[in-house]
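J.: Below: one structure in structure tokens.
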Amino acid sequence: MQGLCVKLCGTLKDHQPRLCSTVAPPDEITINYRHGLPLITLTLPSRKERCQFVVKPMLSTVGSFLQDLRDEDKGVKSTAVLTADGSEIPASTLMGILLMNDFKLVINKITYDVRCPKKEKLSCEHTAEMENVKSLVHRLFTALHSEEFQKRRERRLLEKIDQLTGRLQPLEQMKARIEARSEAKTSGLLWAGLALLSAQAGAMAWLTWWVYSWDIMEPVTYFITFANSMVFFAYFIVTRQDYTYSAVKRRQFLHFFHKKSKQQQFDVAQYNQLKEELAKANESLGQVRHSLCLRMREELKEKN
């Protein structure tokens, strides 16, 4: 373990130095290394006690370090970190970068000159080695536990699918009955329309050839055709859809379906939500099984 003691640049009011044989004076900051991590020791302004702060170079930032300092001592009103030439260091700077060079720590307008130990200059290489070790451990853990995790996930998905299927089964039966009745009503309405058009054509033929002549019925047929065009245009204005037989049938079917659903207390929104959840669960199950199949193929290749 190596340490560095730095003295305070300035004066503290009513300060009484304490004599210690192996401990740094209370007006000094000490930076030590313990288990490869920097340990910053300083005196709290209000409590006049020495406090140690463990720094994680690649995780802690200047802002988090200063916040820890303020949380530890409520008497700390203002803090800042400056470079050796007096420029302020951003709060987002990593402590690992800060401790590579000398800096100044300002606590309640009192400036401390801090000189970082030379060992910290090797922190980047040390950190890179640690990251490589972490990556290796992560790959080993994934290789050892991936199959087990995938199997547990497969079991959870199968249970979820069974649960959703059980909830959907009565809704599917009710939906099938409502659809059958709606389809029957829609077909009846279409046949009624065909019968009405046939009756209209028969009436026009009877009036033309048996009651009146074509000279009289021609303007009548013209106005009837024009009236039908107005009806089709009104349909487009109301529905914002072109008048086609398939579109009319689909719209009328949905009208009957939702009307019957309200009567039968069939929750369409809940049914659609359950269907979406079931589709997502089936998709996830397919991905999990595909991953397991690939892993089994790789194991077979390794064995062969």
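J.: Is the range 29-86 rounded, prolate or oblate when judged by the Cα gyration tensor, a ≥ b ≥ c being the square roots of its eigenvalues, rounded requiring a/c under 1.5 and prolate requiring a/b larger than b/c?
T.: Taking the square roots of the gyration eigenvalues as a ≥ b ≥ c, the range 29-86 is oblate.
J.: What does the charge add up to near Lys185, with Lys and Arg as +1, Asp and Glu as -1, over the other residues with Cβ less than 12 Å from its Cβ?
T.: Numbers: positive: Arg181, Lys249, Lys259, Lys260; negative: Glu179, Glu183.
Summing Lys/Arg as +1 and Asp/Glu as -1 gives +2.
J.: Of Leu300, Leu274, Leu37, which has the most accessible area with a 1.4 Å probe, and how do the rest follow in descending order? Let's see the in-between values first.
T.: Numbers: Leu300 100, Leu274 5, Leu37 60 Å².
Reading off the accessible areas and sorting them downward yields Leu300, Leu37, Leu274.
J.: Taking 0.36 nm per residue of sequence separation and subtracting the Cα-Cα distance, how much length would be gained by fully extending the chain between Leu171 and Lys48, in nm to one decimal? Can you show the working numbers first?
T.: Numbers: separation 123, 0.36 × 123 = 44.28 nm, distance 7.15 nm.
The span from Leu171 to Lys48 would gain 37.1 nm if fully extended.
J.: Working with all protein chains in place, sort Lys104, Lys151 by solvent-accessible area computed with a 1.4 Å probe, largest first.
T.: Details: Lys104 55, Lys151 90 Å².
The residues order as Lys151, Lys104, largest area first.
J.: Which trypsin sites (Lys or Arg not before Pro) from the range 197-283 combine a DSSP loop assignment with at most 16 other Cβ atoms within 10 Å? Walk me through the intermediate numbers first.
T.: Details: sites: Arg240, Lys249, Arg250, Arg251, Lys259, Lys260, Lys262, Lys275, Lys280; in loops: Arg240.
Here the sparse-neighbourhood loop sites are Arg240.
J.: Here's another thing I want to ask about it. Label Gln263 and Arg70 with points 7 Å out from Cα along Cα→Cβ: what is the distance between them in nm?
T.: Going by the 7 Å Cα→Cβ label model, 6.8 nm.
J.: Shifting gears a bit: Test of understanding: what is the full-extension gain from Ala201 to Ala227, defined as 0.36 nm times their sequence separation minus their Cα-Cα distance? Could you put the intermediate results ahead of the total?
T.: Working: separation 26, 0.36 × 26 = 9.36 nm, distance 1.51 nm.
The span from Ala201 to Ala227 would gain 7.8 nm if fully extended.
J.: Can you tell which of Gly166, His258, Phe223 lies farthest toward the positive end of the dipole of the range 165-304, using +1 and -1 charges on the Cβ of basic and acidic side chains (Lys, Arg; Asp, Glu)?
T.: Gly166
J.: Hey, another quick one. By the scheme Lys and Arg +1, Asp and Glu -1, what is the net charge of all other residues having a beta-carbon under 13 Å from that of Asp85?
T.: Numbers: positive: Lys104; negative: Glu88, Asp102, Asp113.
Result for the local shell: -2.
J.: Here is a follow-up. Just to verify a number: FRET efficiency for Arg34 and Gln150, C-beta to C-beta distance, R0 = 45 Å, to 0.05?
T.: Working: r = 40 Å, r/R0 = 0.90.
My answer for the efficiency is 0.65.
J.: Pop a pseudo-label 7 angstrom from the Cα along the beta-carbon direction at both Leu82 and Val238 and give the gap in nm to one decimal.
T.: 8.0 nm
J.: Still on this structure, I have one more. Work out the FRET efficiency for Leu294 and Asp162 from their Cβ-Cβ distance, taking R0 = 25 Å, and round it to the nearest 0.05.
T.: 0.45
J.: Would you calculate the separation in nanometres between label points at Gln273 and Leu190, each defined as 7 Å from the Cα along the Cα-to-beta-carbon direction?
T.: Placing both labels 7 Å along Cα→Cβ, they lie 3.4 nm apart.
The values are calculated or read from the model by the stated rules, or taken from the named source; none is laboratory data. Here the structure is a predicted model, which is why all the values come from computation and not from measurement. Ideal geometry is used to build each Cβ from the backbone, glycine not excepted, and the neighbour counts take in all protein chains shown. Just so you know, the surface numbers come from the protein's heavy atoms only, side chains and all, with ligands and any DNA or RNA stripped out. Shrake-Rupley method; radii C 1.70, N 1.55, O 1.52, S 1.80 Å.
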